[in-house]
Amino acid sequence: MSGDRIRQCIVHIGAEKTGTTSIQKYLGRHAEALLGRGYWYPRSMAEPGTFVHTRLSELVRGDVSELANAFEQEFRRAAKAGAHTAVLSSEFLHSTVRKPLAVKRIREFLKPFFGAIRVVYYARRQDYMLASMHSTAVRGGFSASASALSVYPVKRHYYFDHAAVCDLWAEVFGRQNMICRIYERDRLANRDIVDDFAAAIGLELDPRHAKVSANESLSFETMNVLLLLNASRHKDNAVLRRKLIATGQKRGGARIPMLTKAQAQAFLARFEASNRTFFDRYVDKQVAGGFADGFDAFPEAVPPAVAPREIVDFVFAEQN
């Protein structure tokens, strides 16, 4: 296999809540055109109809012969087409892969195919991660808690510790092969996550290829209605959930995190030391020396839950 290797592989491991879906949809929807320019975004690593490479997680469990065969066949077609760079992307590598042995298995699977392997990781300030993950958990029906702090005991400390995540992957792939970026609009190329990711891997985007915004945040009203749904016996009603989310998107409304300013400050303080380590060890000083300051995005107090009459109005509007 070594004589047929593609020059490099980019393994995009997240983090979660840093625009990964937008990146994956862009690469997946334009995969054929990108292959013509030397960038291969494998289909065999994603489940049918999706663009996130969730099957990478299979590399750390059991027999992977079927996956290996499919990947090798696709690899040979990509190499023949002139691919010089493969891109693999799954934010679940950030959230679920937490042991050196698991990372080593991924490396051993990929090593025969590529001359070099580099890891891309986007870091977001932890209080914003917490609020965003809470919104996602409510959207998906996984939480009926009105407090964003409820996410922490579920995800646990490692999930938010950028230094620990990067140390794990650097131990296997080498610190010199880590590309760490900051998920803040003012620090993204053209203030856009897809543009920034492309710049990080040396891909020149085709202006004719549309980008897709994904995982739009929920309004405070939508969050409240979904929390009621999540606590009810109808929480598994996927049709109703989609309709309520669509109604909320049409109505707009204020995006108010269910995390107070004081809570956000206290939560971020937990990571003060590890954030210093992360920036000193992994982030180019020309990119950033730390996360942006300020807590203006968070309320002094979370507003009271939506009143019953407002909920009735919201649900009734959903039926029209």
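The values are calculated or read from the model by the stated rules, or taken from the named source; none is laboratory data. Source: prediction; values computed, not measured. Note that we place each Cβ from the backbone using ideal geometry, even for glycine, and neighbour counts take in every protein chain shown.
Brief remarks on what is shown
- Subset of the range 193-230 (residues that are within 27 Å of Ala292 (Cα to Cα), at pLDDT below 95, surrounded by 15 or more Cβ atoms within 10 Å (Cβ to Cβ) and not hydrophobic (A, V, I, L, M, F, W, C)): Lys211, Ser219
- Within the range 254-278, the set of residues being surrounded by 15 or more Cβ atoms within 10 Å (Cβ to Cβ) and not in a helix (DSSP H, G or I) comprises Arg255, Ile256, Pro257, Met258, Leu259, Thr260, Arg270, Phe271.
Condition check ((1) among the polar types (S, T, N, Q); (2) closer than 19 Å to Leu203 by Cβ) across all residues:
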position	(1), (2)
Thr18	yes, yes
Lys25	no, yes
Gly49	no, no
Ala68	no, no
Glu72	no, no
Lys80	no, no
His84	no, yes
Ser90	yes, yes
His94	no, no
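- Selection count where residues are in contact with an Asp or Glu (Cβ under 9 Å, 6 or more places away or on another chain), in a helix (DSSP H, G or I) and aromatic (Phe, Trp, Tyr), scope the range 283-320: 1
- Among the residues of the range 291-318, those that are more than 27 Å from Ala269 (Cβ to Cβ) and either touching a Phe, Trp or Tyr at 6+ places or on another chain (Cβ under 6 Å) or of a type in the set (Val, Ile, Thr) (or both) comprise Val306, Ile311, Val312, Val315.
- Only one of Ser90, Ser57, Ser150 that is under 19 Å from the mean Cα position of the chain (by Cα) and at pLDDT 95 or above: Ser90
- Single match in Val103, Val138 (criterion: out of contact with any Lys or Arg (no Cβ under 7 Å at 6 or more places or on another chain), closer than 25 Å to Ala297 by Cα and modelled with pLDDT of 95 or more): Val138
- Candidate set: the range 79-127, residues that are free of Cβ contacts under 8 Å to residues at least 40 places away in the same chain and part of a helix (DSSP H, G or I); chosen: the one surrounded by the fewest Cβ atoms within 10 Å (Cβ to Cβ): Lys80
- The single condition from (1) without any contact (Cβ under 8 Å) to a residue 60 or more places away in the chain; (2) of a type outside the set (D, E, K, R); (3) under 30 Å from Glu32 (Cβ atoms) that Ala238 fails is (3).
- Of the residues making up the range 184-214, those that are in a helix (DSSP H, G or I) and of a type in the set (A, V, I, L, M, F, W, C) are Ala189, Ile193, Val194, Phe197, Ala198, Ala199, Ala200, Ile201.
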